[in-house]
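A.B. asks: First, the structure itself, so that you have it in front of you.
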Amino acid sequence: MFDFKNKIAVVTGGARGIGKCIREQFEAAGATVCVIDLLENDFFVGDISDKATLEAFAQKVIATHGRVDYIINNAAPTACGLEKGSYEDFEYALKVGVTAPFYLTKLLMPYLSEGASVVNISSSRDRMSQPQTESYTAAKGGISALTHAMAASLAGWARVNSVSPGWIDTNYTVYEGPDATQHPAGRVGNPPDIASTVLFLCSDMAGFITGENICVDGGMTRLMIYHGDHGWSLK
């Protein structure tokens, strides 16, 4: 469906979960992928919250390939809340979730190819929350807003969009009953649901889409559930 031959993609957090699936789909479509992750991978191991690490990663990408076609800011921030989260915990989440996508894009901006695309991975938590998730929710809300700001700044240079995953099970568990039926799509999501959306946004098919957020959640955030609905009961 997609043809990314001779294209260079950068994926943060690309050694596991959704990021790994994004990498695999890019590679299957012909792209060369540069990954940075805390986990072992074949390109760069490092913590994107660190400024010097981001600079070293960007330098390696450019030294190796000379240009970038796609930047996928995927690495996930940690979650902490008001009860137990420290100043440092919250600051670290924002560094990973907002500062790093900003700075990595800035570092690679001079090397973006014509028709380049940046895709930021947000979350449906940019519009809804559970208790004690303030750092994660703030970071995801921040990257959603950062998306339309960067789209304006990179107008005519690169398109910038974000994807907000809902419940995505990276272990590919098959759920039945209320867990599935609370989704109008009838199931819990899997990494390919997000990866396919990312590749679409990078493709020419999305050439008129920029500054947009696409929520990929099976309709979960659109369905109001009360007592007795979809197998849920109030206790």
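Since every read-out is calculated from the coordinates, none of them should be taken as a lab result. Source: prediction; values computed, not measured. Here the Cβ is made from the backbone with ideal geometry for all residues, glycine too, and neighbour counts use every protein chain on show.
A.B. asks: Which one, Met128, Tyr175, Ile143, is farthest towards the positive end of the dipole of region 116-197 when Lys and Arg carry +1 and Asp and Glu -1 on their Cβ?
C.D. replies: Ile143
A.B. asks: Oh, and also: What list of ³J(HN,Hα) couplings, whole Hz, do you get for region 27-35 from phi and the Karplus terms 6.51, -1.76, 1.60, once you set θ to phi - 60° and write x for glycine and proline?
C.D. replies: For region 27-35, the Karplus-derived couplings read 5, 5, 8, x, 7, 9, 10, 9, 9 Hz, x marking Gly and Pro.
A.B. asks: So, one more: Kirkwood hydrodynamic radius for region 104-235: how many Å is it when counted over pairs of different Cα atoms? Please report the intermediate quantities before stating the final value.
C.D. replies: On the way: mean 1/r = 0.0615 Å⁻¹.
It works out to 16.3 Å.
A.B. asks: Determine the dipole magnitude for the chain: charges of +1 sit on the beta-carbon of Lys and Arg, -1 on that of Asp and Glu, nothing else is charged, the reference point is the Cα centre, and the result goes in debye to the nearest 20.
C.D. replies: Numbers: 18 positive and 25 negative charges, 66 e Å.
With only Lys, Arg, Asp and Glu charged at Cβ, the dipole is about 320 debye.
A.B. asks: Could you line up Leu38, Leu234, Leu201 from fewest to most neighbouring Cβ atoms inside 10 Å?
C.D. replies: Working: Leu38 14, Leu234 6, Leu201 23.
Ascending number of Cβ neighbours within 10 Å: Leu234, Leu38, Leu201.
A.B. asks: From Cα pairs below 8 angstrom and at least 6 apart in sequence, can you work out the relative contact order of the chain, rounded to a whole percent?
C.D. replies: Values: 467 pairs, mean separation 43.9, N = 235.
The value is 19 percent.
A.B. asks: Given springs between every Cα pair under 10 Å in a Gaussian network model of the chain, which of Glu83, Glu134, Glu40 has the largest fluctuation?
C.D. replies: Glu83
A.B. asks: Using θ = phi - 60° and the Karplus curve 6.51 cos²θ - 1.76 cosθ + 1.60, what whole-Hz ³J(HN,Hα) does each residue of region 120-126 get, with Gly and Pro shown as x?
C.D. replies: My calculation for region 120-126 gives 9, 8, 9, 5, 5, 6, 6 Hz in order.
A.B. asks: Also, quick follow-up: Please list, ordered by chain and number, the residues whose modelled amide H lies under 5 Å from the amide H of Cys34; skip anything fewer than 5 residues away on the same chain.
C.D. replies: Under 5 Å from the amide H of Cys34 lie the amide H atoms of Ala9, Val10, Val11, each far enough along the sequence or on another chain.
A.B. asks: If the cut-off is a Cα-Cα distance under 15 Å, which aspartates and glutamates reach Lys95, setting aside same-chain residues fewer than 8 apart in sequence?
C.D. replies: Correct list for Lys95: Asp37, Asp47, Asp50, Glu55, Glu134.
A.B. asks: Residue by residue through region 175-182, which ³J(HN,Hα) values in whole Hz follow from phi under the Karplus form 6.51 cos²θ - 1.76 cosθ + 1.60 (θ = phi - 60°), with glycine and proline marked x?
C.D. replies: Result, ordered by residue: 9, 10, x, x, 4, 7, 6, 6 Hz.
A.B. asks: Subtract the Cα-Cα distance of Ser233 and Asp204 from 0.36 nm times their separation in residues, and report this length gain in nm to one decimal. Let's see the in-between values first.
C.D. replies: Numbers: separation 29, 0.36 × 29 = 10.44 nm, distance 4.57 nm.
Gain in length upon complete extension: 5.9 nm.
A.B. asks: Tell me which residues come under 5 Å, amide H to amide H, from Val188 once H is placed; ignore anything under 5 positions away on its chain.
C.D. replies: Here the answer is Tyr175, since their amide H atoms fall under 5 Å of that of Val188.
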